[in-house]
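Here's the structure we're looking at; comments come further down.
Every number here is computed from the coordinates shown, using simple stated rules; none is lab data. Just so it is clear, the model here is predicted, and its values are computed rather than measured. No Cβ is skipped: glycine too gets one built from the backbone with ideal geometry, and neighbour counts run over all protein chains shown.
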């Protein structure tokens with residue numbers, strides 16, 4: 001095989017790999033969905049107090065998880081392309097359990113659930129090989145630590161709002177990138 | 001150490017089959033229609049290449065039904081993934097040797113399978 005042909009084949013394989021990866025990208029839907037839920041939680045916390053968001057998340061979190069799994073399933077059938085589901089399911093379950101357990105902690109560890117969320121999305125970002133989701137997760141974790149250490153209040157209002165905006169912005173950005181030629 | 005050309009696998013080396021295994025190395029599984037469209041192939045050409053890969057133990061083919069509609073899902077086996085990795089490594093080494101270790105271009109153009117007719 002000539003060098004130019006080998007180089008062209010390798011280039012085409014890399015292009016095909018990137019195209020497949022881009023088509024598989026499905027993180028924009030959960031990011032936008034949970035971003036919206038976070039903003040509602042922030043509004044509830046501001047209006048009714050921080051405890052209200054705990055009850056809200058206990059219902060909205062699992063409901064959102066079901067919606068995301070249905071979305072991935074529908075997408076798999078429409079696209080004809082899929083990734084293994086079990087790493088996502090394990091991460092989502094671990095994330096929900098961690099949020100529930102850490103939700104009982106007091107200041108400065110009351111940021112625990114948000115650290116768990118950032119860690120969960122770091123794993124999701126790694127699974128999807130999404131640099132944007134990984135950067136977002138690390139940034140949000142740093143912000144949550146800063147809020148905890150500096151004892152900035154009200155924690156639930158601030159972090160739900162910040163997470164909500166960051167999730168939606170990243171989700172929209174990831175989706176826009178997916179449709180790039 | 002042997003020359004990289006000695007490590008090229010005749011089954012995987014064909015351009016269409018390299019393309020099929022590359023898609024399947026990124027995804028857990030892909031259906032027949034997706035592979036056909038992504039690689040720009042005809043049904044017959046894709047079927048023949050999949051048959052070669054299946055006989056070599058490089059892909060697993062699963063036929064399912066969605067309602068009354070049949071659907072064919074293809075996934076790479078561990079052996080297939082290893083064969084692809086070895087092939088790409090050999091190609092890179094070959095290119096490096098020919099072009100003085102110059103890195104292969106990151107992007108290419110055109111459909112990989114456009115000229116990839118399966119051998120009889």
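Some observations on this one:
- Here B:50, B:94, B:41 are screened, and the one residue that is buried (at least 19 other Cβ atoms within 10 Å of the Cβ) and not in a helix (DSSP H, G or I) is B:41.
- Criterion violated by residue B:65 - all others in (1) more than 13 Å from the chain's Cα centre (by Cα); (2) in a helix (DSSP H, G or I) satisfied: (2)
- Taking region A:1-120 and the helices (runs of 4 or more DSSP H) fully enclosed by it, the elements with 1 or more residues that are more than 9 Å from chain B (Cβ to nearest Cβ) and buried (at least 18 other Cβ atoms within 10 Å of the Cβ) are at A:28-48, A:50-79, A:86-102.
- The set of residues from region B:13-34 being assigned to a helix (DSSP H, G or I), more than 10 Å from the chain's Cα centre (by Cα) and touching a residue at least 12 places away in the same chain (Cβ under 8 Å) comprises just one member, B:32.
- Criterion violated by residue A:129 - all others in (1) free of Cβ contacts under 8 Å to residues at least 60 places away in the same chain; (2) surrounded by fewer than 20 Cβ atoms within 10 Å (Cβ to Cβ); (3) under 22 Å from residue B:28 (Cα atoms) satisfied: (1)
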